Amino acid sequence: MKKLNIKKGDTVYVNAGNDKGKTGKVLSVDPSKDRAIVEGINIVSKHTKPNSKQPQGGILKQEAGIHVSNLQLIDPVKNVPTRVGHKFVDGKKIRYAKKSGEEIK
C-alpha cells in the first residue's frame, strides 16, 4: 500500500484545477487511486433514482475525489501551503512542515 503525505482530517490547499486557491478539510483518502475527498472541493452532480433515503430522487451535489498531487498541506504555524517532510523522533516517524519545521499532528 502506498504512503501519502495527506491524511484524513488535514487542512489542505488546492493548487490546481477548477477549485484552485481554495482550502478545505480532508474527509477521506484513497491511497490505491492517489485521491482524496476534500470538504467543499470538486463538487459534482450525481443523478439518483428514488429510493428509501431519497423518495424524490433527483440530482444531488456531492464532493468527488481530487488527485493528491493537486493538494498541499497547510502549515499549522504560518497558515500557508507547505511541503511535507518526514523524520524520526524518539523512534517514531513523524510528519513536519518544511516551511516552519513544526510537527504536523
Exercise for the section: Quote the charge dipole size of the stretch 1-100 about the Cα centre in Debye, to the nearest 20; the model charges only the Cβ of Lys and Arg (+1) and of Asp and Glu (-1). Expected result: 260
Handout entry: Per-residue SASA entry for S69, accessible area with 1.4 Å probe, Å² rounded to 10
Key = 80
Exercise for the section: Just tell me which lysines come within less than 23 Å, Cα to Cα, of K78; anything on the same chain fewer than 8 places away is out. Expected result: K7, K8, K20, K22, K25, K87, K93, K98, K99, K105
Problem - Probe 1.4 Å, all protein chains present, accessible-area order of S52, S28, largest first - result: S52, S28
Handout entry: Accessible-area order (highest first, 1.4 angstrom probe) of the listed residues D10, D30
Key = D30, D10
Exercise for the section: Under a 10 Å cutoff between Cα atoms, tell me which one of V26, V89, V77 has the largest fluctuation in the Gaussian network model of the chain. Expected result: V89
Practice task
May I ask you to derive the FRET efficiency for K8 and H67 from their Cβ-Cβ distance with R0 = 22 Å, giving the value to the nearest 0.05?
Solution key: 0.85
Exercise for the section: Give the carbon-plus-sulfur fraction of the accessible surface of the chain in %, rounded to a whole number; probe 1.4 Å, heavy atoms of protein chains only. Expected result: 48
Problem - Sequence of H86, H47 when ordered by accessible area, the most exposed leading, probe 1.4 angstrom - result: H47, H86
Exercise for the section: Determine the per residue accessible area of the chain with all protein chains present and a 1.4 angstrom probe, expressed in square angstrom. Expected result: 70
Fill in the blank from the handout: Rounded to the nearest 10 Å², the accessible area of E102 using a 1.4 Å probe with every protein chain kept is 90
Handout entry: Hull volume in cubic angstrom per residue (convex hull over the Cα atoms of the chain)
Key = 129
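The values are calculated or read from the model by the stated rules, or taken from the named source; none is laboratory data. Keep in mind it's a predicted model, so treat the numbers as computed, not measured. Please note: Cβ atoms are built from the backbone with ideal geometry, for glycine as well, and neighbour counts cover all protein chains shown. Areas reflect the complete protein model, heavy atoms only, side chains present, ligands, DNA and RNA absent. Shrake-Rupley method; radii C 1.70, N 1.55, O 1.52, S 1.80 Å.
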